[in-house]
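Structure first, commentary second.
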Amino acid sequence: MSDWQEFVAAHAEGGVLDGVVARVVPFGAFVEVAPGVHGLLVTDAAPAEGSRLSVRIESIDVERRRFSLVQA
């Protein structure tokens, strides 16, 4: 089972996780919430790369292997 499949099996929308900001982009940041698993945090004020924060899973798109996050 892949990291993505394990993540989806163990987590649901609304779940709160701790993560590390892996990359900042113009529309937010990609946050690593499990080894090899990154979600998109959409925010106007993206945190600095490497910072730790609590995030909530807003939505999961299983077919496209994507999920969006909001700060918890």
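Does residue 58 fit the bill of being touching a residue at least 40 places away in the same chain (Cβ under 8 Å) and farther than 23 Å from residue 1 by Cα? Let's see the steps before the verdict.
Values: touching a residue at least 40 places away in the same chain (Cβ under 8 Å): yes; farther than 23 Å from residue 1 by Cα: yes.
Taking the combined requirement at face value, the residue satisfies it.
Name the single residue that is nearest to residue 18 (Cα to Cα) among those in the stretch 56-70 being out of contact with any Asp or Glu (no Cβ under 8 Å at 6 or more places or on another chain) and part of a strand (DSSP E or B). Give the steps one after another, and end with the answer.
The initial filter retains those residues of the stretch 56-70 that are out of contact with any Asp or Glu (no Cβ under 8 Å at 6 or more places or on another chain), namely 56, 61-66.
Okay, now just the ones that are also part of a strand (DSSP E or B), so 56, 61, 66.
Details: 56: 9, 61: 20, 66: 17 Å.
If we take residues in the stretch 56-70 being out of contact with any Asp or Glu (no Cβ under 8 Å at 6 or more places or on another chain) and part of a strand (DSSP E or B), then 56 is nearest to residue 18 (Cα to Cα).
Identify, from the list 28, 39, the residue that is in contact (Cβ under 8 Å) with a residue 24 or more places away in the chain, touching a strand residue (DSSP E or B) at 6+ places or on another chain (Cβ under 6 Å) and surrounded by 15 or more Cβ atoms within 10 Å (Cβ to Cβ).
Values: 28 fails: in contact (Cβ under 8 Å) with a residue 24 or more places away in the chain.
That would be 39, the only listed residue that is in contact (Cβ under 8 Å) with a residue 24 or more places away in the chain, touching a strand residue (DSSP E or B) at 6+ places or on another chain (Cβ under 6 Å) and surrounded by 15 or more Cβ atoms within 10 Å (Cβ to Cβ).
Of all residues in the stretch 24-47, how many are in a strand (DSSP E or B) and more than 15 Å from residue 68 (Cβ to Cβ)? Steps first, answer last, please.
As a first pass, look at the stretch 24-47 and keep what is in a strand (DSSP E or B): 24-25, 28-34, 37-42.
Right, trim to more than 15 Å from residue 68 (Cβ to Cβ) and you get 24, 34.
Number satisfying all stated conditions: 2.
Counting only residues that are closer than 13 Å to residue 15 by Cβ and within 9 Å of the chain's Cα centre (by Cα), how many does the stretch 31-57 have?
7
All of the numbers you see were taken from the coordinates with simple rules; none came from a lab. Worth saying up front: this structure is predicted, and the values here are computed from it rather than measured. When we count neighbours, we look across all protein chains shown, and the Cβ atoms used for this are built from the backbone with ideal geometry, even at glycine.
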